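K.L.:
Below: one structure in structure tokens.
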Amino acid sequence: MSATPDPRLKAESVTVRTLAGFDETVKVLGSKSYTNRYLAIASLSGQETVIDNALLSDDTVYLSRAIEAFGHVTCDIDHTTARIRVTPTGKPMRAPSEEIFVGGAGTPLRFLISMAGHAEGTTVITGNARMQERPMGDLLKALPALGVDATAVRGNGSPPIRVVGGSFKGGATSISGAVSSQFTSSLIINALRAQNATEITISDELVSKPYVEMTLAALKEMGVDVDRDGYRRFSVAAGQQARGGQVTVEPDASGMSYFLAAAAILGSRVVIPGIGSGSHQGDVHLVRALERMGCRTEVGDDSITLTGGPLQGIDIDMEAMPDVVPSLAIAAAYAEGTTRITNIASLHVKECDRIAAVTTELRKMGIEVEEHADAMYITGGTPHGATIDTYDDHRIAMTFAVGGLRTEGVVIKDPGCVAKSFPTFWQTLDTLHPDLESTK
């Protein structure tokens, strides 16, 4: 695959080429979620850390540059080898004089709010227009008990966020898990550098639990123990130090989902190497959902194979894998019967309102969708071509590009928004076409 920037990332639109079928091994970039977690942990470890197979996307580059702004580490990014080297400078963490801007990077912003509690001075963290609408109030309420003064500049619970730092002492706090599991992950990771032991109690039901499991797995990989009582309480002892050295990021299960969905709707076969049954990524369970719809699957220790077949609608609770709801939705559009996707209210506060976006764009393609506050009921049929609005949301663009592999006339507006998580997406999609040998 070419290292040259893809001109489609700058285009106004892309018309997706249809495909009769394929039988391919597809290499997916490293996990965005793990790359962000390893970056945050490495920045607090005091040790040089090399992150291999890192996802180098808008989100992870924003986090790297934001971490550097505190002055205590450098983050050297090598795009050729997909490697990030985090090196301590020997200087203390200090609030940057300029505000930290993270675009639409939700996980980095949430991690940085707690991280700024370690930096002397006042840090202001903000993002793009959509990010300035996203709720951070639960995290802001939890931080004062740990010694950190974090407030929304406009008093609305959303960015810009002002943090008065140098005061993350630890202790006991309580937080709601109902809006985002990333708040809990932010507290757990940053407890690593707290002056005292930190105990975090979840006051209600924690959503998206697999993302917290990924946080705990990343910490364990780097030598940090977290005591827990299920999903009710997490305790981080003071004085622990994350190891330095090398870590390798496994492939991104969310990025993999588009190629699984492509195989499903085209009755084709795809092999994804480097990820398997031991993965903590919740999105890997999309494989089982597609299996229930009629696909054949093989999940080994180090690869996943899926072969599409006639698809049937299913009823499925996707609270634990919200990022791949759009991927399942596009498969449902080609399935016989109705697929009922439930427990997905968290999708309203993603990069866009994904329930509304998926509903609107599937209806453009002639598919019947019943939209609910926390669910979508999709009745499969024969989608027709349409021009797809992507809402500056990478997952909407990639999802409907999959539909364009089977349905002629699908045009994706703002194709460059995929750079948020999968900057080589269009080139990777090219590898499914047998006549585009130069991309393989």
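The values are calculated or read from the model by the stated rules, or taken from the named source; none is laboratory data. Keep in mind that what you see is a predicted model, and the values were worked out from it rather than measured. Don't worry about glycine lacking a Cβ; one is built from the backbone with ideal geometry, like all the others, and counts go over all protein chains shown.
K.L.:
Looking at (1) over 21 Å from the mean Cα position of the chain (by Cα); (2) in a loop (DSSP other than H, G, I, E, B), which one does residue 8 not meet, given that it meets all the others?
P.N.:
Unmet condition: (2).
K.L.:
For region 283-339, which positions are in contact with a Lys or Arg (Cβ under 6 Å, 6 or more places away or on another chain) and of a type in the set (Lys, Arg)?
P.N.:
None - no residue of region 283-339 is in contact with a Lys or Arg (Cβ under 6 Å, 6 or more places away or on another chain) and of a type in the set (Lys, Arg), so the list stays empty.
K.L.:
Could you check how many residues of region 225-236 are of a type in the set (Val, Ile, Thr) and either more than 18 Å from residue 197 (Cα to Cα) or within 23 Å of the chain's Cα centre (by Cα) (or both)?
P.N.:
The qualifying residues number 1.
K.L.:
Which of the residues that make up region 416-440 are modelled with pLDDT of 95 or more, part of a helix (DSSP H, G or I) and under 18 Å from residue 256 (Cα atoms)?
P.N.:
Scanning region 416-440 gives 417, 418, 425, 426, 427, 428, 429, 430.
K.L.:
Output the number of residues of region 185-207 satisfying the condition of being β-branched (Val, Ile, Thr) and touching a residue at least 60 places away in the same chain (Cβ under 8 Å).
P.N.:
2
K.L.:
Could I ask something else about it? Could you give me the residue pairs with C-beta distances under 6 Å whose first residue belongs to region 113-132 and is touching a residue at least 12 places away in the same chain (Cβ under 8 Å), whose second residue is of a type in the set (D, E, K, R) and not in a strand (DSSP E or B) wherever it lies, and which are 6+ apart or on separate chains?
P.N.:
From residues that are touching a residue at least 12 places away in the same chain (Cβ under 8 Å), the pairs are 118/193; 124/99; 126/99.
K.L.:
Exactly one condition in (1) touching a residue at least 60 places away in the same chain (Cβ under 8 Å); (2) surrounded by fewer than 19 Cβ atoms within 10 Å (Cβ to Cβ) is not met by residue 151; state its number.
P.N.:
Looking at each condition in turn, residue 151 falls short on (1).
K.L.:
Do you know which residues across region 394-423 are of a type in the set (S, T, N, Q) and closer than 15 Å to residue 327 by Cβ?
P.N.:
Scanning region 394-423 gives 399, 421.
K.L.:
Since residue 162 meets every condition but one in (1) within 18 Å of residue 237 (Cβ to Cβ); (2) basic (Lys, Arg); (3) assigned to a strand (DSSP E or B), which condition does it not meet?
P.N.:
Going through (1) within 18 Å of residue 237 (Cβ to Cβ); (2) basic (Lys, Arg); (3) assigned to a strand (DSSP E or B) one by one, residue 162 breaks only (1).
K.L.:
Out of the residues in region 126-148 that are under 21 Å from residue 69 (Cα atoms) and in contact with a Pro (Cβ under 7 Å, 6 or more places away or on another chain), which is surrounded by the most Cβ atoms within 10 Å (Cβ to Cβ)?
P.N.:
First, pick out the residues of region 126-148 that are under 21 Å from residue 69 (Cα atoms): 126-128, 131-132, 148.
Keeping just the survivors that are in contact with a Pro (Cβ under 7 Å, 6 or more places away or on another chain) gives 126-127, 131-132.
Working: 126: 18, 127: 23, 131: 21, 132: 16.
The residue in question is 127.
K.L.:
In region 114-133, which residues are of a type in the set (Asp, Glu) and closer than 30 Å to residue 196 by Cα? Steps first, answer last, please.
P.N.:
Here is the first cut: in region 114-133, the ones of a type in the set (Asp, Glu) are 120, 133.
Scanning region 114-133 gives a single hit, 120.
K.L.:
Sticking with this one: Enumerate the pairs (first residue in region 72-85 and without any contact (Cβ under 8 Å) to a residue 24 or more places away in the chain and of a type outside the set (D, E, K, R); second residue anywhere and outside any loop (DSSP other than H, G, I, E, B) and surrounded by fewer than 17 Cβ atoms within 10 Å (Cβ to Cβ)) with beta-carbon separation below 6 Å, excluding pairs fewer than 6 apart on the same chain, so at least 6 apart or on different chains.
P.N.:
That search, which allows pairs on different chains as well, returns 74/87.
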